[in-house]
Structure formats: structure tokens, C-alpha cells
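The values are calculated or read from the model by the stated rules, or taken from the named source; none is laboratory data. What you are looking at is a predicted structure, and each value in this text was computed from that prediction instead of being measured. Quick reminder, even Gly has a Cβ in these numbers, built from the backbone with ideal geometry, and neighbours come from all protein chains shown.
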Amino acid sequence: MHPCCPTFPYHGRHNGIDFWFDPEFPSIREAIRDTVAGQGHARTILKQDEKRLVFLGGESSSVVKISLLPRWKDRFRAARFAPEECHCRLRIQQFGIPAPRLWGFFEQRRLGLTIRNGLVIDFLPGHRNLAFEECEHAIPILCALHKSGVNHPDFMCNNLLLDPGDNRCTLIDLERCSFVDPGDFRLVLMNLARYIEYGRHPFPHPLNQAMAEKTYAAIADPPVGYDLFHALLAKLCSRHLTTRERVGLILPGDIRTRLEAHSAR
């Protein structure tokens, strides 16, 4: 078993790549073939750049996500890529937050150094990216993250898949998630601000105002009143936070001070 996927048994080495799979996964052989072949056996390329390749397997019902690790510094910190996402996905699955099921993990090493690693993830046919105008369907996920203490640093409509059959959302792109105490109100503010930032309209737009109101109403026992919540969210939406700030849930000083002062009352 691999340290980052302790529940998955080892499934052998194929073309120099070591695999670990969930025993319940019905398409192990196909996933191994697709991973070894890479882009050459992809049915659909979902994402491709110098750092990662994400594709739908040729005949399997799974998505293969490969961290290519092109730079030496990426290889020395390989645990920040697929292993970190593997850990995040397993924890999120335990919380019951809707996300594509993790089926497998793989890595290729040379001279003791990881040269690439990746994941095999469930494919959700029929799902599509959430449109910004459908923002109310994102609220149950946002509330579930708050309740469980999960910070998704890129909470936006492009990372939410909608099932048109029941209008339920599934969360994707989990590689930089972090975990804090359940009910941490920073999660509501920062995840919602990120969603609004990557929408097509400024904060005062009616869609954003409606989402703020509905989100606040859906949160159990908010520590501040709605007026202060709205004011803090407006301030946060006027700023762009870095990846480090979003992953670390680092609020700007003035917003943090006001939230802490009122939460302590």
C-alpha cells in the first residue's frame, strides 16, 4: 500500500509505472492500459499543459490525471501533486461531499526520484460545468465545505459539475484543498468570494447579491449578523488573494480583525 493511499492495495508495475487501485474499481486493466499509453490512447483531452495531462480513457469510464513533473524542483516535491490530491480526495469522500470517486493512484520513479505520478478518477457522463447563472446550485456544496472544515481554494463554477437530472453539483479539482475546524466562518467568506471573483459580474450584481443572501440563510449559526457578513464579503470581493492566501485561509488583516472581534461576542 502507498502512504498517500493507505486503503488501496498495490497492483503491480507496468512499463515502469507502479499502480494502486480500489478493489471495487471495475476497469483496472483498461485504466492501466490508458495510463501507460498516455495521450496516445485518450478519447478526450480534458486538460493539457506542461505540468499535467488530464484525459478520458479510450474505452474506460475513468479520467486519468497525470502530473508530468517537468522540472527538477517539481520532482523533489512530487508529494505536493498527486499524493496530496489523493489525500484530499480520500478525506473529502469520508465527509460525504459530492466529488468524483478516486479509483487509483500511480507513480513512476527513476533512481529513487519520482518523475511522474497521477490519479485515476471516476468519470461522470452527462454532467457539465455549472453556469454562473445557476449559482444557487453551488450553495449546498459551499455549506457542506463549511460544515466539514474543507477549504477549496478554487471554488468556482468551472470546478463544479452539474447533473442536469437532479440539479446537484459535484466538486472537482481538489489538489490544493486544506482542512480546518468544522464551521470555520472563513470558509464561507473566502469560498464565496472566490466564486464571485471568477464570475462574469461585479459584486453588486443581483445574482451575486442573491447568492450572498441565500448562502447566509443556509449556514447554521453564523457568528456575525448579515449586515457585517455582507460588508466583509464586499471587501473581500474587491481584492485578489494569492494562492498561498487562499490555501492557507489567510484573510486580509482588516477583514480578519472585524470578523474575530464580532465572533468573540
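What the table shows:
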{"read-out": "Residue in the stretch 116-131 that is within 21 Å of V63 (Cβ to Cβ), part of a helix (DSSP H, G or I) and acidic (D, E) present", "value": "no"}
{"read-out": "Matching residues, the stretch 235-255, being in contact with a helix residue (DSSP H, G or I) (Cβ under 9 Å, 6 or more places away or on another chain), assigned to a helix (DSSP H, G or I) and touching a residue at least 12 places away in the same chain (Cβ under 8 Å)", "value": "K235, L236, C237, R246, D254, I255"}
{"read-out": "Index of the failed condition, E197 passing every other in (1) out of contact with any strand residue (DSSP E or B) (no Cβ under 9 Å at 6 or more places or on another chain); (2) at pLDDT 95 or above", "value": "(2)"}
{"read-out": "Residue selected from the stretch 158-190 under the condition touching a residue at least 40 places away in the same chain (Cβ under 8 Å) and in a loop (DSSP other than H, G, I, E, B), by the criterion surrounded by the fewest Cβ atoms within 10 Å (Cβ to Cβ)", "value": "V180"}
{"read-out": "Residues that are touching a residue at least 60 places away in the same chain (Cβ under 8 Å), of a type in the set (D, E) and over 27 Å from R77 (Cβ atoms), drawn from the stretch 123-155", "value": "E133, E136"}
{"read-out": "Complete set of residues in the stretch 62-96 that are assigned to a loop (DSSP other than H, G, I, E, B) and buried (at least 20 other Cβ atoms within 10 Å of the Cβ)", "value": "L69, F81"}
{"read-out": "Given (1) in a helix (DSSP H, G or I); (2) out of contact with any strand residue (DSSP E or B) (no Cβ under 6 Å at 6 or more places or on another chain); (3) surrounded by 21 or more Cβ atoms within 10 Å (Cβ to Cβ), index of the condition F155 fails", "value": "(1)"}
{"read-out": "The one condition in (1) among the aliphatic types (A, V, I, L, M); (2) without any contact (Cβ under 8 Å) to a residue 40 or more places away in the chain; (3) crowded, with 22+ Cβ neighbours inside 10 Å; (4) more than 30 Å from P222 (Cα to Cα) that L119 fails to fulfil", "value": "(2)"}
{"read-out": "Matching residues in the stretch 197-213 - criterion: being in a helix (DSSP H, G or I), surrounded by fewer than 16 Cβ atoms within 10 Å (Cβ to Cβ) and either touching a Cys at 6+ places or on another chain (Cβ under 9 Å) or among the hydroxyl-bearing types (S, T, Y) (or both)", "value": "A210"}
